[in-house]
1. Restricting to the range 307-326, and then to whatever is within 20 Å of Ser366 (Cα to Cα) and at pLDDT below 90, can you tell me which residue is most open to solvent (accessible area, probe 1.4 Å)?
2. Determine whether Tyr138 is in contact with a strand residue (DSSP E or B) (Cβ under 9 Å, 6 or more places away or on another chain), of a type outside the set (S, T, N, Q) and either closer than 19 Å to Thr54 by Cα or surrounded by 14 or more Cβ atoms within 10 Å (Cβ to Cβ) (or both).
3. For the range 450-461, which positions are open to solvent by 30 Å² or more (accessible area, probe 1.4 Å) and either in contact with a His (Cβ under 8 Å, 6 or more places away or on another chain) or not basic (Lys, Arg) (or both)?
4. In the range 333-382, how many residues are among the charged types (D, E, K, R), open to solvent by 70 Å² or more (accessible area, probe 1.4 Å) and under 25 Å from Ser165 (Cα atoms)?
5. Would you mind listing the helices (runs of 4 or more DSSP H) fully within the range 352-434 where at least 1 residues are in contact with a strand residue (DSSP E or B) (Cβ under 8 Å, 6 or more places away or on another chain), modelled with pLDDT under 90 and of a type in the set (A, V, I, L, M)?
6. Which residues, taken from the range 459-478, are within 28 Å of Thr170 (Cβ to Cβ) and small (Gly, Ala, Ser)?
Amino acid sequence: YAIWQPTLTTDKQGLAKFKVRFPDDLTSWTTRLVAINGKRQSGAMQTQIRSFKTLTASLLGPQFALTGDSIRIIGKLMNYTIGNETALRKFSYNENELLNSKVSFTNAHIDSTYIVAKANGNTDSLSFLYTLKQDNGYSDGEERKTVLLPIGVQETNGYFDALISDTSVTYDFTPQMGMVTLRAESSVFPVLLDELDKIRKYEYSCNEQLASKLKALLMEKQIRKLLGNEFKEEKAIRTLIKMLLDNRKGDGRWGWWKDSDGEEWITLHVLEALLEARRHGYPVADKEETMESLKAFIEGERLSKLLLEQKKDPSHLSLHNRLQLMWHVQQLGKPADIKWLMSIKKKTMMGGSYWGESSIKFWDNSIQNTILAYKILKAHGGSNEELGQIRRYFLEQRKDGQWRNTYESSLILETILPDMLNVKIDKHPLLSINGLVTSSFPFTKEMEPTKLSVALQGNGPIYFTAFQQYHNPKPDKADNGFRLTSYFMQNGVQVSKLSAGKPVTLQVEVEVSADADYVMINVPIPAGCSYNDKRQRYQSAETHREYFKHKTSVFCSKLRKGRYVFNIDLMPRYSGSYTLNPAQAEMMYFPVFKGREGLKRVVVN
């Protein structure tokens, strides 16, 4: 905003004047004028004011780079006067001066410089500065920060345990992955807040993830209020509510993405999040009050289907459906068969209780089944010890420092959070780590990658995390469920080199070894290219795609066994030699199943 003049009045000639200094930039300012006279007659108009400079200095270069990329950066001087001008122009890269001399030019002057992308100190960006200055004091220039991304992929090797009492555990670490970071907390709050923070910062925003983020923020607000901490995400909550309401389909339901067909489980998840926000006092526009009735209708439909399935053939009910039926019937006031429920319980080596098997079935897996078992036992009452063992199981599943997807994270947290807030330490415990003993928490330390012996003396819980994290600069090709191949196509012909200014298609083939639900395909693009077309595509079973500076993410609700091709239209713009990180496909809710290419090199002439 350059102007705000709310009290102007006209002079005897009917004119109103004022002075303004625009920011030093070439731009166009939209100016709106509203006037009213003594007879309450009003008028309005809109005009444009152009800010003008006679000489300019600007930079042209990629929006991001990978370490080691060789990039042609262009500096451009423009002369908008009618004569020849002389100026001192300078070009600096990462604070190192590469050009410093006077040039004379009538219309324009172009400087072209090749640089090799490397970090500037501890920063994760490249710094460019291109300026001109005349003897009369006139100057102009542009400073640009370009995001620097690493080559390869991030690798994590970690453990998480809730140590209860007089417990000993041993962990092994890979020396090649670097130092081991240790954390021990006597309070569950940092663990829960860390998980909530990971949900909130998750990169993608389908309707499930928007709802999970909303639930996470509402839970975070509750925890911070209990701790007496300031909650700083009020705006984010209101933004998420608006986005979810905007994404609602005409029939009141929600799909995976805004334009996807409505899905029952996503609709219920969103309704739960919005109704919870309303219970916390946030305005959730629903003029016809349809949310509660829609939620009740969907749950009623689900119960009817389960009852019909049970009547037809009880032996074919999956464990998940059996537990779901038990939960729904219990909510209607009928007692649950707790004896049967406890007869199929399983135990982990660390003492956690769970139901079902670990699998990639979206519903009939140990996480979803154990959530239902927890709800049933809690509603039945008198099972506090068992509930504690189930919470232990959930915490054990944070092996890599987080649960495996945002949906399960939000479900687990909203299920166990009320009870976790009441967990107390019976006495001050002692924690021994390879002979080092501490009774002060929180505890953090870095250690060499070796065998780690951890022992708790006394009663906990102590929440213990040990992990390594490093960037793998040479990731191997992986074919765990998906096999990927990518190449560049131009006029129907595969090309090995790209030419600046000539459109090209990055084509990605994905071979799926077995039917897979909710698949995400991440396709990095070369730093020397920009997008030539950002349309949503709906071929090859594609549901939605999102374009980022450095990659395109393609989402598919279901990919049956077979071969699929995805196209990304690019425009090569900047000459150079660029690394292309591996294209990768994974099941979004079971990311252990993934495939990827190896690294590639791309040349733009």
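1. First pass over the range 307-326, keeping only residues within 20 Å of Ser366 (Cα to Cα): 315-326.
Applying the additional criterion that residues be at pLDDT below 90 yields 315-317.
Values: Ser315: 94, His316: 137, Leu317: 20 Å².
For the range 307-326, the residue satisfying everything is His316.
2. On the way: in contact with a strand residue (DSSP E or B) (Cβ under 9 Å, 6 or more places away or on another chain): yes; of a type outside the set (S, T, N, Q): yes; either closer than 19 Å to Thr54 by Cα or surrounded by 14 or more Cβ atoms within 10 Å (Cβ to Cβ) (or both): yes.
Yes; evaluated as a whole, the condition is true for this residue.
3. Step one: of the range 450-461, the residues open to solvent by 30 Å² or more (accessible area, probe 1.4 Å) are 450-451, 453, 457, 459.
Those that are open to solvent by 30 Å² or more (accessible area, probe 1.4 Å) and either in contact with a His (Cβ under 8 Å, 6 or more places away or on another chain) or not basic (Lys, Arg) (or both): Thr450, Ser453, Gln457, Asn459.
4. Initial filter on the range 333-382 (among the charged types (D, E, K, R)): 334, 337, 339, 345-347, 357, 361, 364, 375, 378.
Next cut, open to solvent by 70 Å² or more (accessible area, probe 1.4 Å) only: 334, 337, 339, 347, 357, 361, 375, 378.
Then keep just the ones that are under 25 Å from Ser165 (Cα atoms); that gives 347, 378.
Qualifying residue count, the range 333-382: 2.
5. Numbers: elements: 366-380, 384-396, 406-420.
Where helices (runs of 4 or more DSSP H) fall fully within the range 352-434 and carry at least 1 residues being in contact with a strand residue (DSSP E or B) (Cβ under 8 Å, 6 or more places away or on another chain), modelled with pLDDT under 90 and of a type in the set (A, V, I, L, M), they are 384-396.
6. Narrowing the range 459-478 to residues within 28 Å of Thr170 (Cβ to Cβ): 459-472.
Those that are within 28 Å of Thr170 (Cβ to Cβ) and small (Gly, Ala, Ser): Gly460, Ala466.
Conditions (1) touching a helix residue (DSSP H, G or I) at 6+ places or on another chain (Cβ under 6 Å); (2) modelled with pLDDT of 95 or more; (3) open to solvent by less than 20 Å² (accessible area, probe 1.4 Å); (4) closer than 23 Å to Gln494 by Cβ, marked per residue:
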position: Thr543; (1), (2), (3), (4): no, no, no, no
position: Lys549; (1), (2), (3), (4): no, no, no, no
position: Leu559; (1), (2), (3), (4): no, no, yes, no
position: Gly562; (1), (2), (3), (4): no, no, no, yes
position: Asn581; (1), (2), (3), (4): no, no, no, yes
position: Met588; (1), (2), (3), (4): no, no, yes, no
position: Phe593; (1), (2), (3), (4): no, no, no, no
position: Gly598; (1), (2), (3), (4): no, no, no, yes
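Here is a yes/no grid of residues against (1) of a type in the set (S, T, N, Q); (2) touching a residue at least 60 places away in the same chain (Cβ under 8 Å):
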{"site": "Asp259", "(1), (2)": "no, yes"}
{"site": "Leu268", "(1), (2)": "no, no"}
{"site": "Leu271", "(1), (2)": "no, no"}
{"site": "Leu274", "(1), (2)": "no, yes"}
{"site": "Ala277", "(1), (2)": "no, yes"}
{"site": "Tyr282", "(1), (2)": "no, no"}
{"site": "Ala285", "(1), (2)": "no, no"}
{"site": "Ser293", "(1), (2)": "yes, no"}
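The values are calculated or read from the model by the stated rules, or taken from the named source; none is laboratory data. Given the structure is predicted, the values throughout are model-derived calculations rather than measurements. Here Cβ is always computed from backbone atoms with ideal geometry, including for glycine, and neighbour counts include all displayed protein chains. With ligands, DNA and RNA removed, areas are computed over all heavy atoms of the protein, side chains included. Shrake-Rupley method; radii C 1.70, N 1.55, O 1.52, S 1.80 Å.
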